[in-house]
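The values are calculated or read from the model by the stated rules, or taken from the named source; none is laboratory data. Because the structure is a prediction, the values reported are computed rather than measured. All Cβ positions, even for glycine, are placed from backbone atoms using ideal geometry, and neighbour counts span all protein chains on display. Quick note on the areas: whole protein, heavy atoms, side chains included, nothing else; ligands and nucleic acids left out. Shrake-Rupley method; radii C 1.70, N 1.55, O 1.52, S 1.80 Å.
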Amino acid sequence: MSEAATLPVAVVGGGIGGLALAGSLAKFGLPYIVLEQADALTEVGAGIQIGPNGVHVMRFLGIETELARDAGMPEVYHARDWKTGGTLYKTPRNPAFAEKYGAPYYQVHRADLLDTLRSTVDPDRIHLGQKVTGLEQKDDRVVITTAKGDTFEAGAVIGADGIHSAVRRNLFGDDKPRYAGIVIFRLTAPIERLKPHFKDIGSSTFHGPHGHVTVYPISGGTKVNFAGAWETDAWQEESWSLECGKDEVHAAYAGWTQDIQDLIDASDRINKWALFDRDPLPAWTKGRCTLLGDAAHPMLPFLAQGACQAIEDGYVAAALLARSGGDWAGALKEYEQVRLPRTSRVQLGARARVASMHEPSPIGRMIRNFNYWIGSLVGRDAKRFKPDWIYEVNVVSDFPGHG
């Protein structure tokens, strides 16, 4: 094995994708370090959905039991009317997903997911407060410099540092993400503050004009997660930690079902941020450096696949490095070739889905809802998108970490 292959893989970013990668590298016995610009590994936010394709990696990492401990496992997903709250269509999730795709569908708090992933990583290999400022590729290694003036050497570098990725900027230059014209409101509400029937609402998305709201139980059913999307031309600050008042959210969803108003009132804190994404890149990799997750393919959340695709990325990158025989540059190029087409399809699919969910015209919504109803009558899946191509993928079986 070459000397470069004995150097660590540098994982830049300690979020969900970066920790999934680091945990996978550890599982395969490869050396690694995690460089995180923040001073602590914390996750601000609310709920997140992990489909079967992401759960397969959780199983590989040996943490599905921990993931499931506080997760919600919805039996049915409901699409609901924004004004009445009535069901437009419903589709089974659990145990149907496990039977069809080999793994269930979980809904968890982001902080719980981050804690679970962190348990797979050696804390001594995590370097906090290390903002990457430079990458210098040599023949057999990459020299990384940080804002602290520290230097690290790695056999490969994988940027998992989000939509404003420093690694991406170093590899491909500076560019700006695209504002999607949508603001997201996120909150959680304790179930005891809500009316008893909220336990029956379960996992639901309220489809309305110019927006939608997704709700589901998290934290062992003790809380309800609210993720609301609202179309606006106002350019908002992109931040997970920007707070807003209840009046602003009530104004966005004025006229929507009382259940939405009750959730807003029951919350203690509401975060908001603007949605950004980018067009798919033609390439992620240069030599011994590549990208992962939002750094490579930032996507809108309307297929609930941002985290899952980053988790898939992390496993595949680690598996290909593990079976590369020390050719880490070749492994990263192969990783790009197998992952870029799939993530690009998810990126564009998430963009496309918003049109029907946010139908502004009353006539358009009537036609859409009629089609939902007809589909239900004839026993056809009433979904406007066909998810098999997303959920049936099992990267663990597709890319074993050996030749």
Here FRET efficiency (C-beta to C-beta, Thr232 to Thr6, R₀ 45 Å, nearest 0.05) is 0.30
If R0 = 60 Å, then Lys148 and Glu192, at their Cβ-Cβ distance, give a FRET efficiency to the nearest 0.05 of 0.85
Rounded if a/c under 1.5, otherwise prolate or oblate - segment 24-69, Cα gyration tensor axes | oblate
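For a protection proxy built on the mean count of beta-carbon atoms within 10 angstrom, sort 350-361, 111-122, 46-57, 267-278 highest first, please. Can you show the working numbers first?
Details: 350-361: 16.1, 111-122: 19.8, 46-57: 25.2, 267-278: 18.1.
Top to bottom by mean Cβ count within 10 Å: 46-57, 111-122, 267-278, 350-361.
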State the label only: which of (1) 14; (2) 8; (3) 23 corresponds to percent of Cα pairs over 41 Å apart computed from the shown model?
-> (1)
Starting from the Cα of Ile367, step 7 Å along the direction of its Cβ; do the same at Asp39; then give the gap between the two resulting points in nm.
-> 5.6 nm
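By the gyration tensor of its Cα atoms, with a ≥ b ≥ c the square roots of the eigenvalues, what is the shape of segment 79-215: rounded for a/c under 1.5, prolate for a/b over b/c, or oblate? If you can, show how the numbers build up before the last one.
Numbers: a/c = 2.61, a/b = 2.07, b/c = 1.26.
It comes out prolate by the Cα gyration axes.
I need the helices of the chain that pass two filters: whole DSSP H segments spanning 15 Å or more by Cα along the axis, and mean Kyte-Doolittle score no lower than -0.5.
Counting only whole DSSP H runs, the qualifying helices are 16-27, 306-322, 328-357, 362-377.
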Expressed as a percent, the accessible surface of segment 313-354 that is carbon or sulfur, using a 1.4 Å probe and the full set of protein chains, is 52 percent
